[in-house]
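Input: a single structure, listed below in structure tokens.
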Amino acid sequence: MVDFNSFKLSKCIQDALVDIGHVKPTPIQEKSIPALLEGRDLLGIAQTGTGKTAAFSLPMIEKFISNEVKLMPNHCRAIILAPTRELVTQINESILSFSKKGNVRSTVIMGGVSSAPQVIALNEGVDIVVATPGRFIDLMEQGFIKLSQVETFVLDEADMMLDMGFYEGVIDIASKLPNLHQTVLFSATMPKEIETLANQILNKPVKVEVAAQSSTVDKIEQSVYFTLAENKNYLLLSLLEDKTKSRIIIFCKAKYAVSEVVELLARSDVSVGEIHSNLTQGQRNKAIEDFTSGAIRVLVATDIASRGIDINDVDLVINYNMPEDATYYVHRIGRTARAGREGVALSLCSEKDLPFLRNVQKLIGKNISQVLDHPFHHDYPLSKPKAKKRYKGRRRR
């Protein structure tokens, strides 16, 4: 059995891992950490919840503890870019827990909050910068972040970052790094754009993959409820009557839908919070804190949270709408069944959702089981009706 001791990490790291209950590495950690400790570049294909943060952060923390460097002002030794503020915050929290017994400093750089404290932290020099790409590029262009001492460059959830339009920004950052540095790229999917990016910024990388691309976790019980659009709210409220589900995330594909669902649940005395891009970072953090602590039972979110929330013990994920981009279905339901646990994912499907449901089933390579015995069921043809062949009469001679 492989355990963290087999990586021969510093005692302070091993003690920190014991303190937080990390004993056996996940498959992505088992495959990635040895290569990264050797200084290799790495291309990792893995979904959220597989332990990627420890996979890329433990080797850099080990390197920084065993080889201290005096940093010049506004310099750092590692850059970790992630697409959302929530994910950046959670990556930094993990790094703090892994490095709490070693002399390694990290800081968060992200939009939605004042940049002044971030600039002050950078002025002193910091080992690890965990950042969203937009704010990082902004501060870099203003001269508050300098790259000449960077040893490690990490892109987490790279496919989502490119979807957000940061391809050129990532290339620009990579072009300014020292010739000798390590690059790590993690992505949940492998579209052509990621392949192109990997070829540009990685040097003879080790490739690790722990699950088939776009697969869903086996321990998630998935089902779909067909209903008329006007009955979705009634169906949702009936599902929430199951009090055994104490921590629930509901995903909507638009901000206005989040507000409508939150208002519906609040009127029905369901404790609820929300996350979407119109909220300040403070409001989003408060919603996550309340949800994590159990102060609220339900969190309603847009896809901004589908890869940015890492909360244990989420009992149930409900797709109020099917996502237009099928890959987001995988990320949404991946909020449950974290770290080997079991979970449940339900999808509410009206006529408008049917083409998106078909795309999801094509992507994951299986049909999602239908629940028929509920009071708001409505029959829909799940497969596209075949076009009727036009009869061509036999030509008379």
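The values are calculated or read from the model by the stated rules, or taken from the named source; none is laboratory data. This one's a predicted model, so the numbers in the text were calculated from it and none came from an experiment. Every residue, glycine among them, receives a Cβ derived from its backbone with ideal geometry; neighbour counts consider all protein chains shown.
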(request) Look through ILE109, ILE95, ILE45, ILE79 and report the one residue that is within 20 Å of ILE20 (Cα to Cα) and either among the β-branched types (Val, Ile, Thr) or in contact with a Pro (Cβ under 9 Å, 6 or more places away or on another chain) (or both). (result) ILE95
(message) Among (1) hydroxyl-bearing (Ser, Thr, Tyr); (2) part of a loop (DSSP other than H, G, I, E, B); (3) crowded, with 24+ Cβ neighbours inside 10 Å, there is one condition SER246 misses while meeting the rest; what is its number?
(response) (3)
(request) From (1) modelled with pLDDT of 90 or more; (2) aliphatic (A, V, I, L, M); (3) assigned to a helix (DSSP H, G or I), pick out the condition that doesn't hold for VAL317. (result) (3)
(request) Check THR132, THR152, THR183, THR196 and return the single one that is touching a Phe, Trp or Tyr at 6+ places or on another chain (Cβ under 6 Å) and of a type in the set (S, T, N, Q). (result) THR183
(request) Would you mind finding the one in VAL262, VAL224, VAL258 that is at pLDDT 90 or above, outside the structural domain of GLY111 (by TED's automatic domain parsing), surrounded by 20 or more Cβ atoms within 10 Å (Cβ to Cβ) and within 22 Å of the chain's Cα centre (by Cα)? (result) VAL258
(message) Condition first: crowded, with 19+ Cβ neighbours inside 10 Å and over 16 Å from the mean Cα position of the chain (by Cα). Now tell me which residues in segment 72-104 satisfy that.
(response) ASN74, HIS75, CYS76, ARG77, ALA78, ILE79, ILE95, PHE98, SER99, GLY102, VAL104
(request) Report, by residue number, each residue of segment 71-107 that is free of Cβ contacts under 8 Å to residues at least 40 places away in the same chain and not β-branched (Val, Ile, Thr). (result) ASN92, GLU93, LEU96, ASN103, ARG105, SER106
(request) Residue by residue through segment 1-46, note down the ones that are part of a helix (DSSP H, G or I), aliphatic (A, V, I, L, M), out of contact with any Ser or Thr (no Cβ under 6 Å at 6 or more places or on another chain) and buried (at least 19 other Cβ atoms within 10 Å of the Cβ). (result) ILE13, ALA16, LEU17, ILE33, ALA35, LEU36
(message) If I filter segment 153-167 down to residues being over 15 Å from the mean Cα position of the chain (by Cα) and modelled with pLDDT under 95, which single residue comes out as surrounded by the fewest Cβ atoms within 10 Å (Cβ to Cβ)?
(response) GLY165
(request) Note down all Cβ pairs under 7 Å where the first residue falls in segment 280-292 and is assigned by TED's automatic domain parsing to the domain that holds ILE248, the second is buried (at least 21 other Cβ atoms within 10 Å of the Cβ) and acidic (Asp, Glu), and they're at least six residues apart or on different chains. (result) ARG284/GLU86; ALA287/GLU274; ILE288/GLU86
(message) Here is a check on your reading of the model: is GLN200 buried (at least 20 other Cβ atoms within 10 Å of the Cβ) and among the polar types (S, T, N, Q)?
(response) no
(request) Within segment 48-62, identify whether any single residue is over 18 Å from GLN90 (Cα atoms), part of a helix (DSSP H, G or I) and of a type in the set (S, T, N, Q), and answer yes or no. (result) no
(request) Taking ILE304 as the residue in question, decide whether it is surrounded by 18 or more Cβ atoms within 10 Å (Cβ to Cβ) and within 18 Å of THR84 (Cβ to Cβ). (result) yes
(request) May I ask you to list the residues in segment 274-288 that are outside any loop (DSSP other than H, G, I, E, B), surrounded by 21 or more Cβ atoms within 10 Å (Cβ to Cβ) and of a type outside the set (D, E, K, R)? (result) ILE275, ALA287, ILE288
(request) Taking LEU236 as the residue in question, decide whether it is assigned to a helix (DSSP H, G or I), surrounded by fewer than 19 Cβ atoms within 10 Å (Cβ to Cβ) and either on the phi > 0 side of the Ramachandran plot or not charged (D, E, K, R) (or both). (result) no
(message) Under 7 Å between Cβ atoms, which residue pairs at least 6 apart in sequence (or on different chains) link something in segment 178-205 that is assigned by TED's automatic domain parsing to the domain that holds PHE166 with a partner that is in a helix (DSSP H, G or I) and aromatic (Phe, Trp, Tyr)?
(response) VAL184/PHE56; PHE186/PHE56; GLU193/TYR167; LEU197/TYR167
(message) Can you find, within segment 131-146, the residue that is surrounded by the most Cβ atoms within 10 Å (Cβ to Cβ) among those that are over 21 Å from the mean Cα position of the chain (by Cα) and in contact (Cβ under 8 Å) with a residue 40 or more places away in the chain?
(response) ILE145
(request) From the list VAL119, VAL108, pick out the single residue that is of a type outside the set (Ser, Thr, Tyr), touching a Leu at 6+ places or on another chain (Cβ under 8 Å) and either surrounded by fewer than 16 Cβ atoms within 10 Å (Cβ to Cβ) or within 13 Å of GLN281 (Cβ to Cβ) (or both). (result) VAL119
(request) Would you mind finding the one in SER57, SER66 that is touching a Ser or Thr at 6+ places or on another chain (Cβ under 7 Å) and surrounded by 24 or more Cβ atoms within 10 Å (Cβ to Cβ)? (result) SER57
